[in-house]
1. Mind checking which residues of segment 57-71 are closer than 13 Å to ALA38 by Cβ and basic (Lys, Arg)?
2. Scan GLU236, GLU181, GLU231 and give me the residue that is modelled with pLDDT under 95 and not β-branched (Val, Ile, Thr).
3. Return yes or no: is VAL77 modelled with pLDDT under 95 and either assigned to a helix (DSSP H, G or I) or at negative phi (or both)?
4. Would you tally the residues in segment 217-265 being in contact with a helix residue (DSSP H, G or I) (Cβ under 7 Å, 6 or more places away or on another chain), surrounded by fewer than 16 Cβ atoms within 10 Å (Cβ to Cβ) and not in a loop (DSSP other than H, G, I, E, B)?
5. Could you grab me the full set of residues in segment 56-75 that are closer than 15 Å to GLU90 by Cα and of a type in the set (A, V, I, L, M, F, W, C)?
6. Tell me, yes or no, whether segment 58-75 has at least one residue that is farther than 19 Å from SER98 by Cα, assigned by TED's automatic domain parsing to the domain that holds GLU102 and either out of contact with any strand residue (DSSP E or B) (no Cβ under 6 Å at 6 or more places or on another chain) or loosely packed, with under 14 Cβ neighbours inside 10 Å (or both).
7. Hey, among GLU54, GLU90, which residue is touching a helix residue (DSSP H, G or I) at 6+ places or on another chain (Cβ under 6 Å) and either at pLDDT 95 or above or crowded, with 18+ Cβ neighbours inside 10 Å (or both)?
8. Hey, can you tell me all the residues within segment 118-150 that are surrounded by fewer than 18 Cβ atoms within 10 Å (Cβ to Cβ) and either in a helix (DSSP H, G or I) or of a type in the set (D, E, K, R) (or both)?
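The values are calculated or read from the model by the stated rules, or taken from the named source; none is laboratory data. Computed from a prediction, not measured in an experiment: that's the story for all the values here. Because the Cβ atoms are built from the backbone with ideal geometry, glycine has one as well, and the counts that use them run over all protein chains shown.
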Amino acid sequence: MRVALSMLLVLLFASTPALAQEAEPEEVEDPSALEARALFERGSELAEGSRYSEASQAFARSLELVDRPSTAFNLAVCYFALDRHVEAIEVLDRYVASADPEAEAESLVDAARMLAHSRTSVAQIIVEVVPSDATVLVDGDAVEGGGTRSVRVNPGPHVVRVEAEHHAPSLLEVDCAPGSEQRRAVQLDSTRRPARLNVEVSERPLATILVDGRDVGTGSASLELEAGPHEVRVTEPERELPVVRQVALEWNERLRLELVLPDAAQPVSVLEEPAFWGVLGGTIGAALVGVLIGVLAAEVMPTPNGGTTGEVLTLEPIRQGLILP
């Protein structure tokens, strides 16, 4: 196939329509036109010396300055020689749309031959991603879409990177044969783990614990929760008013609340007052009403956003990384 392509290029460059020569303008005064002309001539020299990569840069810059069909055709020939079929198709389509059917008839025939070959040579990479809003980059270029992304690529190796917030990125290399379709499924692993909340009610084995209105146990409870605010409510048959506590959890956090409840005869409505939860010497003023809320934190967490209870608990917990069962 390479020999066939080389012969085609030789024929293209040897024939008059291959590297189209511009007609000498009568007057060239615009600086952009002068630069475009110089780049066109430089690209022609480089292409005739088989220096297609350098020639493509010269032609591409010339085409940016002045849009001429002859420049587009020569740029497409260079891309074709470099097996950059995706780019060749784009520029050839542009050339065909702007070329004069009569004056450039032979070049249009050559363009049709190159288009046919390039279209069968282009490969396709299809990536199915979870989460669907992840960023997909192929060779550094973003591929837009939802759960399934598709992009046309030139034959050869390509690097696919998938990344999303709060997820570990995934990197893979995909080698594409000419005309092939490569499909990959990528599911990113979340770096956010649910928070774990442990509630202990000292010397009250029959006390009912509710979290966000859900009965989670008596005397003690351990459960996983999403990050955010949560309500811990403790009730007893002989207690008229429940003990209520608001906690704010973060991802990957592990928090333990130990409650020492006052006797049922003692008033507990003060627990509902924000002033009760003020800071006193780094601990909660439990001595005033006989309620102690302690924070017992275990292993140190390496994640930057886990482990803090903010102003709600008024105690600074030790930060820890992963949730331990």
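1. Within segment 57-71, ARG61 is the sole residue that qualifies.
2. Being modelled with pLDDT under 95 and not β-branched (Val, Ile, Thr) holds for just one of GLU236, GLU181, GLU231, which is GLU236.
3. So VAL77 does not fit the description; no.
4. Residues that pass the stated criteria total 2.
5. PHE59, ALA60, LEU63, ALA72, PHE73, LEU75
6. yes
7. Unique residue meeting the criteria: GLU54.
8. The answer is ARG119, THR120, GLU128, ASP133, ASP139, ASP141, GLU144.
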